[in-house]
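Everything below concerns the one structure shown next.
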Amino acid sequence: MDVRVLRVLHGREARPIISIDVTGSLGWNMPKQWGFEPFTRGTQWMLVLLPAREGPTPWQLEVCRAFLKVESGVATGPVRDLTRTERVRLDVLASRIVAH
């Protein structure tokens with residue numbers, strides 16, 4: 001999957017478009033399994049990425065993490081608890097990530 005990086009909350013990625021290895025991650029219908037809407041063109045998401053261990057792409061999805069939909073600078077989804085939906089501004093979320 002090719003994605004456009006709009007903002008990096010923690011870590012470093014200088015390229016505006018990156019490829020992510022989603023083999024095995026999205027094949028089992030992760031959105032349905034974890035209760036979030038599917039990724040569609042034009043939507044914005046906050047994802048946790050890890051360096052790929054193998055394969056042609058440099059990044060892979062962190063399968064054990066929730067994916068948060070972003071609208072108008074606010075992330076919505078299971079931020080701290082997988083059983084509860086929360087809304088948090090990206091700048092607040094970034095400060096939480098850096099603090100840990």
**OP:** Sort out which residues of segment 38-76 are open to solvent by less than 80 Å² (accessible area, probe 1.4 Å), over 11 Å from the mean Cα position of the chain (by Cα) and among the small types (G, A, S), and write them in order of number.
**Re:** G42, A52, G55, G73
**OP:** Considering each residue of segment 3-34, count those that are at pLDDT 80 or above and on the phi > 0 side of the Ramachandran plot, and give that number.
**Re:** 1
**OP:** Mind telling me which of the residues A99, A52, A75 ends up being in contact with a Pro (Cβ under 9 Å, 6 or more places away or on another chain) and either of a type in the set (A, V, I, L, M) or modelled with pLDDT of 80 or more (or both)?
**Re:** A52
Original post:
Does any residue of segment 85-96 turn out to be open to solvent by less than 80 Å² (accessible area, probe 1.4 Å), of a type in the set (S, T, N, Q), at pLDDT 80 or above and in a helix (DSSP H, G or I)?
Top reply: yes
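The values are calculated or read from the model by the stated rules, or taken from the named source; none is laboratory data. Note that the structure is predicted; figures quoted are calculated from it, not measured. Here the Cβ is made from the backbone with ideal geometry for all residues, glycine too, and neighbour counts use every protein chain on show. Surface accessibility is based on the protein's heavy atoms, side chains included, excluding ligands, DNA and RNA. Shrake-Rupley method; radii C 1.70, N 1.55, O 1.52, S 1.80 Å.
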